[in-house]
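Okay, so here's the structure we're looking at.
Please treat every number below as a calculation from the coordinates, not as lab data. Treat the numbers as computed from the prediction; the structure is a model and nothing was measured. Here Cβ is always computed from backbone atoms with ideal geometry, including for glycine, and neighbour counts include all displayed protein chains.
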Amino acid sequence: MGTVTADQIRKDFLAIIAKLSGKKPEQLKDGDRFREDLGFDSLKSMEAISRITEMYDFDPDLDEVMELQTIIEVIKYLEKKLI
Amino acid sequence: MSQLVSDPMKQQAALLSMLRKENIYTYSLEVTSACANRIVVSGKERINFISNNYLGFSTHPEVLKAVRKALDKYGLGIGGSPLACGTTDIHYRLQEKIARLYEREACVLLPSGYQALLGSIQATIGKGDVALLDSLVHRSIVDGVTLSGSDKRMWLHNDTEDLATLLERVKTKYQRMLVIVDSVYSMDGDWADLKELYRLKEEHGALLLIDEAHSLGVLGKRGYGLPDHFNMPQAPDVIAGTFSKFAGAVGGFVTGPSDFIDHLRHNASAYIFSASIPPMTVAGVYRSFELLDEEPQWRERLWDNISYFLKGLKEIGFDTGPSRTAVVPLLIRDMEKTMTFNKMIFDEGVYASPIVHPAVPPAESRIRLGVMATHTKEDLDRSFEVFKKVGKKLGII
């Protein structure tokens, strides 16, 4: 870890969410809720987390991750863990 | 409200209460007729688009004759698990028939399609393995993977490039990888690309399980489902399915190599801890399989109706998504309008199913329509009139 920047984390995570939601990264908003706004079910939400954690090679705390409901909450969580 | 309903549950209860108050709740209404092209619901005959009884076999006279004969011989049920007294001679005959149809060594019957998926997945993977699910697979598959204790990963619907990337990424982490797809997807009515799935599973050393629920009796030259459609009978490793669609009955099956089926019989809780399918149902399903070969006209009529229906809906201006089969979505993309649309067509004599969040994302709210071989041209034309009238009134078209 250490060399990754907040900008890079945001860019990578938005790219994953865009792919899984069928939207463009610029259409996504920080406050978008996975379930209500993006229509993600629990399977898709977990897949988003799996893809980003694989990219940065770390194991998330699933109890903590389950609490995260918006794009910005996940980005902040990743920043805390990775930077 | 009772103490059994927790605070999170109360939110949903409030929504249901609102739908009932607004008089747009149409789930689980009382049906007082057989499941034919017309169905009597809440005391009135309506055109039936809510069922999965695609071929209309549940009311076929030959099927009913076979059911009556078995009822006289075996009674209401067989009174035990398939491992106990629940496997009669006709259960064995049906298992052999399905195994032959799918060109497999063995087959086992389970009480429902849901249980067939639970059992087939639980028998295939466990801790240390991973299931790779198309994002639109049926809930029974998600529950089956949870029950199995394996990890689960998801790839984008029918996007085999995404699957290939995922396979590459996870292949060193797990002992076994099981790719699971619906042959025909229950909400969108499109089908899986078996050719590409087979190529990928061979390339990456994965296993492939397909759920034939909405495919058996519909796809393929002989109606033998997705493997028949692609002329690739050996492509899947395991095949699960149900009799609730193709025969309009109930019950499920899993077919594959004989050692695997034997393992399932002795390890899948969905098989062991449930009473067997009643023999009369098995007899009716067996006769339905015979009719698939003897009376291909039902499948031909179904496909004529699918083409006519899809074309008609598109001409009116409806979005039917990627559907190519008997499952036809009318995409309305707004939850409230979907519920209202459904109630309005119901009042005009058309019975269908509103599909809203959380079953689908809110922007994919739709009416789900099941086409039947027994629908008449008059049924389909009348439904066009109703959909057009209501669609215009609500500003959908």
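Brief remarks on what is shown
- When only alpha carbons are used to place a centre, region B:378-397 and region B:197-273 end up 37 Å from one another.
- Region B:107-192 shape via C-alpha gyration tensor axes, a/c threshold 1.5: oblate
- Region B:201-309: relative contact order as a whole-number percent, Cα under 8 Å and 6+ apart: 20 percent
- Cα shape, region A:1-68, gyration tensor, a/c 1.5 rule: oblate
- Here chain A is scanned for GluC sites (Glu not before Pro) in DSSP loops (not H, G, I, E, B) that have at most 16 other Cβ atoms within 10 Å, and the longest stretch holding none of them is A:1-35.
- Helix A:42-56 and the long axis of chain A differ in direction by around 30°, with both axes built from C-alpha atoms.
- Least to most buried among B:180, A:9 (fewest other Cβ within 10 Å first): A:9, B:180
- DSSP-assigned coil residues among trypsin sites (Lys or Arg not before Pro) in chain A, each with at most 12 further Cβ atoms within 10 Å: A:29
- Label-point separation in nm, residue B:12 to residue B:68, each point 7 Å along Cα→Cβ: 4.2 nm
- Zone of residue B:337's modelled label, taken as backbone nitrogen in region B:272-314 under 12 Å from a point 7 Å along Cα→Cβ: none
- Counting only DSSP H runs of at least 4 residues, each contributing -39500 (n - 2.57), and dividing by the residue count of chain B, the helix-based mean residue ellipticity at 222 nm comes to -13500 deg cm²/dmol.
- Gyration tensor (alpha-carbon) shape descriptor, region B:321-397, a/c threshold 1.5: oblate
- Net charge of Cβ neighbours under 12 Å - reference residue A:83; Lys, Arg +1; Asp, Glu -1: +2
- Separation between Cα centres of region B:293-347 and region B:160-185, rounded to whole Å: 31 Å
- Amide proton proximity set for residue B:353, modelled H, under 5 Å, gap of 5+: B:368
- Residue B:4-residue B:250 FRET efficiency (beta carbon distance; Förster radius 25 Å; 0.05 resolution): 0.30
- Efficiency of FRET between residue A:72 and residue A:43 - r from beta-carbon atoms, R0 25 angstrom, step 0.05: 0.70
- Sites residue B:231 and residue B:164 - FRET efficiency at Förster radius 30 Å, r taken between beta-carbons, to 0.05: 0.85
- When shorter helices are ignored and each DSSP H run of at least 4 residues is given -39500 (n - 2.57), the per-residue value for chain A at 222 nm works out to -18000 deg cm²/dmol.
- Loop sites in region B:25-78: chymotrypsin sites (Phe, Trp or Tyr not before Pro), DSSP, at most 13 other Cβ within 10 Å: B:27
- Loop-located GluC sites (Glu not before Pro) in region B:1-93 (DSSP state other than H, G, I, E, B) with a sparse environment of at most 12 neighbouring Cβ atoms within 10 Å: B:22, B:30.
- Site pair residue B:376 and residue B:272 shows an inter-label distance of 5.3 nm when each label is modelled 7 Å from Cα along Cα→Cβ.
- Taking every DSSP bridge with both residues inside the protein assembly as shown, close to 55 percent are antiparallel.
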